[in-house]
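Chemist: Pasting in a structure now, in structure tokens, and then I'll have a few things to ask.
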Amino acid sequence: MTAAATKYSRQRECIKEYLRSTREHPTADTIYMKVREVYPNISLGTVYRNLALLTEQGEIIKLSCGDGCDRFDGNTAPHYHFICRQCGRVIDLDMEPIEHINTIANAHFNGRVDGNITYFYGLCRECVPD
Ligand code: ZN
Ligand code: MN
């Protein structure tokens, strides 16, 4: 491996480690700020490129939350997410996967349903009015 390739793979490891260590589902900008603490010269472009690669390799998950800015998750085990409509926080939901939703969908579809992506939304504990 060339020196440059080694540097890039270390940066990629750093991004992966950070995402494994947090349950905050950070945006690319937040990840960039975090990784810069270790690699002050890293560019936002490099962070984006590494995030795309890690997503492609299935090492991390990209969450498209509908607010136009993607978030990233180091936990690749199947799990559901709750998105707060007010503060935008993305929270893991500790619940059993609803697998039979694919069976139901298949029963009403002429092709073949292989999966689904479901987001729950509402107000998080901090945003629910007292
Ligand atoms: Zn909230
Ligand atoms: Mn998650």
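Read the figures in this text as sums done on the coordinates, not as results from a lab. Since we're looking at a predicted model, the values are computed, not measured. In this analysis, Cβ positions are derived from the backbone assuming ideal geometry, glycine residues included, and neighbour counts consider all displayed protein chains.
Chemist: In whole Å, what are the Cα extents of the chain along the three principal axes, biggest one first?
Modeler: In descending order, the Cα extents are 54, 46, 24 Å.
Chemist: Run the reach check for K7 against lysines, Cα to Cα strictly under 19 Å, same-chain hits fewer than 8 apart removed. What comes back?
Modeler: In chain and number order, the partners are K16, K34.
Chemist: Hey, another quick one. What relative contact order, as a whole-number percentage, does segment 80-122 give when Cα pairs under 8 Å and 6 or more residues apart are counted? It would help to have the intermediate numbers written out before the result.
Modeler: Details: 43 pairs, mean separation 22.5, N = 43.
Result for segment 80-122 is 52 percent.
Chemist: Over the chain, what is the relative contact order in whole percent, taking alpha-carbon pairs under 8 Å and six or more residues apart?
Modeler: After rounding, I find 21 percent.
Chemist: Using +1 at the Cβ of each Lys and Arg and -1 at the Cβ of each Asp and Glu in segment 42-130, identify which of V47, G88, N106 lies farthest towards the dipole's positive end.
Modeler: The one lying farthest along the dipole's positive direction is V47.
Chemist: Rounded to the nearest 5, what % of the DSSP beta bridges within the chain are antiparallel ones?
Modeler: Details: 8 of 12 bridges.
Around 65 percent antiparallel, to the nearest 5.
Chemist: Given the Cα atoms of segment 10-73, and with Rh set as the inverse mean 1/r over their pairs in the Kirkwood sense, what is Rg to Rh to two decimals?
Modeler: A ratio of 0.92.
Chemist: Under a 5 Å amide H to amide H cut-off, with H placed in plane at 1.01 Å, what residues pair with Y80 once short-range neighbours are removed?
Modeler: So Y80 has HN proximity to L93, M95.
Chemist: Based on the alpha carbon coordinates of segment 80-122, what radius of gyration and maximum Cα-Cα distance (Dmax) apply, in Å?
Modeler: Gyration radius and largest Cα-Cα distance of segment 80-122: 13.3, 39 Å.
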